[in-house]
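Okay, handing you the structure first.
What follows draws every value from the coordinates through simple rules; no lab data is involved. This structure is a prediction, so every number in the text was calculated from the model and none was measured. Note: ideal-geometry Cβ built from the backbone for every residue, glycine included; neighbour counts use all protein chains shown.
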2 protein chains.
Amino acid sequence: MQLFYVPNFSLDEPYLTPEESHHAVKVLRLKAGAELHLTDGAGNLYTTEIAEPHFKKTRLFVNQVAKPQTPRPVYVHLVVAPTKSPERMEWFVEKAIEIGVEEISFVLCEHSEKKQLNFERIQRVAISAMKQSLKLFMPRLNPLMTFADFMHKPFVQSQRFIAYLPEKAPPMLASRVKPMQSYCLLIGPEGDFSSKEVNWAMANEFQPVSLGQSRLRTETAALIGVHTFNLLNGM
Amino acid sequence: MQLFYVPNFSLDEPYLTPEESHHAVKVLRLKAGAELHLTDGAGNLYTTEIAEPHFKKTRLFVNQVAKPQTPRPVYVHLVVAPTKSPERMEWFVEKAIEIGVEEISFVLCEHSEKKQLNFERIQRVAISAMKQSLKLFMPRLNPLMTFADFMHKPFVQSQRFIAYLPEKAPPMLASRVKPMQSYCLLIGPEGDFSSKEVNWAMANEFQPVSLGQSRLRTETAALIGVHTFNLLNGM
């Protein structure tokens with residue numbers, strides 16, 4: 001099965017987006033009558049067929065509306081400082097979505113060497129990963145913000161962690177995760193968090209945790225975090 | 001700290017390999033007297049200094065020999081069918097070594113679309129990942145073999161698993177892993193294992209397992225397998 005993505009899809013205006021129209025009509029060369037599955041990224045799956053192929057605005061017939069999927073009973077929010085190599089960040093986003101994640105944020109830290117993020121590219125990678133792994137929910141992606149801005153937002157996740165390597169190793173993340181919660185995990189840049197950032201996070205009830213005995217790259221640490229939450233919830 | 005790799009390093013002949021000589025002398029431009037840490041990939045760490053820089057055969061003074069590291073009390077062996085994209089396989093090898101793995105094998109399955117593997121490149125990626133993550137053990141890497149050849153080898157790992165998605169989902173890998181064992185996990189190609197292959201593996205006491213509710217790419221499944229063994233052993 002191949003999945004198309006049309007955010008805010010409506011039965012009253014059943015059109016593919018310009019990107020998906022191009023993909024369906026120009027790349028896949030689908031004709032009128034071809035079956036096509038699509039999601040709105042909000043838990044809905046539609047079985048449609050092409051009514052009127054058009055390279056920018058393909059009109060569909062909706063043949064079937066699946067029972068909406070409910071969101072997962074956990075909420076995983078990964079907050080990561082972009083790596084120097086943009087490919088490594090894109091890779092993380094792809095894999096995190098495959099495994100299962102609800103929200104990804106990007107923060108600029110004191111020790112961040114990388115000051116920008118190609119957010120449009122990250123969004124494209126995310127959409128492609130969602131379609132490839134047949135997910136019906138598009139994770140929320142937040143553009144790059146400063147650590148300070150992040151700390152000033154209200155925290156809705158009940159279990160908050162910061163991966164940090166002080167002299168004395170903190171407890172393992174896995175030993176602190178309570179099942180069926182909402183989680184937020186902060187992963188620092190190549191040069192780690194500053195002590196000011198760690199203290200700030202701890203004042204906001206982020207618990208310092210370790211992700212194991214290995215020295216991990218930023219994107220590996222972030223991915224392991226995502227998998228730890230999923231694994232400990234049997235997902 | 002930057003780590004150099006000299007397999008079979010000997011105190012009697014303290015030389016860098018041609019690759020590492022080139023890297024030290026030509027790329028990093030290290031001179032006589034420069035300190036240099038190296039491992040033999042068998043648990044040993046040497047603190048040395050350059051005695052005689054040479055672009056092919058740099059001679060060293062060994063200043064300190066660390067107490068040899070003992071191998072981990074677990075043994076993780078991942079067996080994977082190469083993906084169509086060689087980058088995805090290289091990525092898996094890099095990440096698996098960062099997280100912790102003892103052995104990686106590559107098998108050619110009935111449904112494999114990819115029939116070759118650039119094994120030299122895989123070895124280079126592995127060495128680079130070992131150095132980058134400051135590991136003192138080089139995992140064993142086995143060149144591509146057929147599934148049949150693999151099945152005819154003796155199995156030394158005590159807990160053996162095959163990730164497989166039949167109609168009725170098998171138990172989760174995490175629910176079957178006993179701590180402090182040696183493990184072997186088979187991950188199939190994009191087209192999954194054939195039923196003949198699954199039966200053959202089961203006859204050799206490979207237990208069918210699931211890696212979760214998500215549809216995962218081959219390399220993601222393999223990496224999640226590696227992390228599951230590590231996590232459940234507190235590593």
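Based on other C-beta atoms within 10 Å, arrange B:Arg29, B:Arg217 from fewest to most.
Result, fewest neighbours first: B:Arg29, B:Arg217.
Also, I was wondering about something else. Exposure proxy check: A:Asp12, B:Asp192, B:Asp149 ranked by fewest other beta carbons within 10 Å?
A:Asp12, B:Asp149, B:Asp192
Let me ask something additional. Evaluate 2.2 N^0.38 Å with N set to the residue count of region B:3-65, then give the Cα radius of gyration divided by it.
0.95
Could you work out how far helix A:218-232 tilts from the main Cα principal axis of chain A, as a 0 to 90 degree angle to the nearest 10?
Relative to chain A, helix A:218-232 is tipped by roughly 80 degrees.
Considering all alpha-carbon pairs of region A:58-142, what whole percent are spaced by more than 17 angstrom?
53
Which number comes out as Rg/Rh for region A:124-193 once both Rg and the Kirkwood Rh are worked out on C-alpha atoms?
1.01
Any chance you could give the angle, 0 to 90 degrees and rounded to 10, that helix A:86-99 forms with the longest Cα principal axis of chain A?
So the helix axis and the longest Cα principal axis differ by about 70 degrees.
What percentage of all Cα-Cα pairs in region A:1-157 are separated by more than 27 Å?
Values: 4040 of 12246 pairs.
Pairs farther apart than 27 Å: 33 percent.
Something else: With both partners inside region B:40-157, how many of the DSSP beta bridges are antiparallel, as a percent to the nearest 5?
Values: 7 of 16 bridges.
Bridges in region B:40-157 that DSSP calls antiparallel: roughly 45 percent.
Continuing with the same structure: Based on the alpha-carbon set only, what is the convex hull volume of the protein assembly as shown divided per residue, in Å³?
Details: hull volume 81.3 nm³, N = 470.
Convex hull of Cα atoms, per residue: 173 Å³.
Give me the percent of DSSP beta bridges within the protein assembly as shown that run antiparallel, rounded to the nearest 5.
Working: 27 of 81 bridges.
Of the beta bridges lying entirely in the protein assembly as shown, close to 35 percent run antiparallel.
Other chains' Cβ within 10 Å of A:174-181 residues: what's the mean? All intermediate terms of the calculation are to be shown ahead of the outcome.
On the way: counts 4, 1, 0, 0, 0, 0, 0, 0.
The per-residue average across the peptide is 1.
Dividing the Cα radius of gyration by the Kirkwood radius, what Rg/Rh value follows for region A:178-235?
A ratio of 0.98.
Now, a different point. Of A:Lys57/A:Lys114; A:Lys131/A:Lys178; B:Lys135/B:Lys178; B:Lys26/B:Lys114; A:Lys168/B:Lys67, which pairs sit farther than 27 Å apart, going by alpha carbon to alpha carbon?
A:Lys57/A:Lys114; A:Lys131/A:Lys178; B:Lys26/B:Lys114
Can you tell me the equivalent ellipsoid semi-axes for region A:75-232? Use √(5λ) from the Cα gyration tensor, largest first, whole Å.
Equivalent-ellipsoid dimensions as semi-axes: 22, 18, 15 Å.
Once you treat every alpha carbon in region B:95-160 as an equal point and sum by Debye, what is log10 I(q)/I(0) at q = 0.22, 0.27, 0.28 Å⁻¹?
Calculated log10 I(q)/I(0) at the listed q: -1.02, -1.18, -1.20.
For peptide A:224-232, how many partner chain Cβ atoms fall within 10 Å of a residue's Cβ, on average?
4
Between B:Met145 and B:Asn63, what FRET efficiency comes out of the Förster formula 1/(1 + (r/R0)^6) with R0 = 30 Å and r the beta carbon distance, rounded to 0.05?
That gives a FRET efficiency of 0.10.
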